[in-house]
Amino acid sequence: MRFTKMEGLGNDYVYLDCMEGAPPDLPGLAVRLSDRHFGVGADGLICIGPGRTGDFSMEMYNADGSQGAMCGNGIRCVGKYVYDKGLTRKTCLTIDTGAGPRRLELHVLDGKVDGVTVDMGQAEVSAPVTVEAAGQSFTVYPVRVGNPHGAVFCPDPEEIDLERSGPLLEHCPALGERRNIEFVACPSRERLDVRVWERGSGITLACGTGACAAFGAALAEGRCAERAEVRLPGGALALERRGGHIWMTGPARTVFEGEIC
């Protein structure tokens, strides 16, 4: 079985061409392939298949085998995959996801996709919830951007013990369901600094939906402008709100290809 390793800001996934059908036990395959010592090494697995209503579909699994509805960095790489491999010549695509269809605008340079802009939909921000974790009190803003997030504003995300606080907040009963957790600083109205604990994967260098969740919460609280750069450990994403939707622009890169034995 052939695979492609791809990444967006260091948020890396193993990609499978499932246009003719998917292999069995995708959750188990995701766990095996994501292992960074005994597998390919990734934050998860993404399967690309035929569209139901759109041009193509994506099905994504986290490193622990749990299924996610949407992946912002992952969907940019889906756009690059289908264009670079000649599965389409269109530069405006619709990808069916577990969170619904998402529109992509591909930015092509020298015949290859260099970056992608994604309509990530609306960020649904709920009233903040105060919770206790790791001996501290956190004010968490529940946000849904296709999948559930919790944004926590803080002076400096680098000062957060993410390995300790992240999993406690991910599984916090007061938040209602497992969530990706974002720690967010707003040094200016045009910039957000974010670190992410991603449910099912742990600490990741970047999270596209997490960046959108942080941006949506900051907008709701009046902490940022309609356009802002979100800086994550793996790099920066450009976000803007257009007509109530959040649009995300960022890179997509192929790392290597191989064959699963």
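Among the residues of region 67-88, some residue qualifies, meaning at least one is surrounded by 14 or more Cβ atoms within 10 Å (Cβ to Cβ), part of a strand (DSSP E or B) and either modelled with pLDDT of 95 or more or outside the structural domain of residue 153 (by TED's automatic domain parsing) (or both). Within region 180-199, residues that are closer than 16 Å to residue 148 by Cβ and not assigned by TED's automatic domain parsing to the domain that holds residue 68 sit with their Cβ atoms under 6 Å from residues that are surrounded by 21 or more Cβ atoms within 10 Å (Cβ to Cβ) and polar (S, T, N, Q), at 6+ positions apart or across chains, in these pairs: 196/204; 198/180; 198/204; 199/180. When residue 179 is tested against (1) over 18 Å from the mean Cα position of the chain (by Cα); (2) within 25 Å of residue 100 (Cα to Cα); (3) not hydrophobic (A, V, I, L, M, F, W, C), just one condition goes unmet, and that condition is (1).
Exactly one residue out of 216, 258 is under 21 Å from residue 183 (Cα atoms), touching a residue at least 12 places away in the same chain (Cβ under 8 Å) and either surrounded by 24 or more Cβ atoms within 10 Å (Cβ to Cβ) or touching a Phe, Trp or Tyr at 6+ places or on another chain (Cβ under 8 Å) (or both): that is 216. Among the residues making up region 48-66, those that are over 15 Å from the mean Cα position of the chain (by Cα) and crowded, with 18+ Cβ neighbours inside 10 Å are 48, 54, 55, 56, 57, 65.
Restricting attention to region 95-113 and to residues that are of a type in the set (Asp, Glu) and outside any loop (DSSP other than H, G, I, E, B), the residue that is farthest from residue 7 (Cα to Cα) turns out to be 96. Filter region 8-47 down to the residues that are small (Gly, Ala, Ser) and either surrounded by fewer than 24 Cβ atoms within 10 Å (Cβ to Cβ) or in a strand (DSSP E or B) (or both), then identify the one that is farthest from the chain's Cα centre (by Cα). Result: 21.
The values are calculated or read from the model by the stated rules, or taken from the named source; none is laboratory data. Just so you know, these numbers come straight off a predicted model, no measurement behind them. Every residue, glycine as well, gets a Cβ built from its backbone with ideal geometry; the counts of neighbours run over all protein chains shown.
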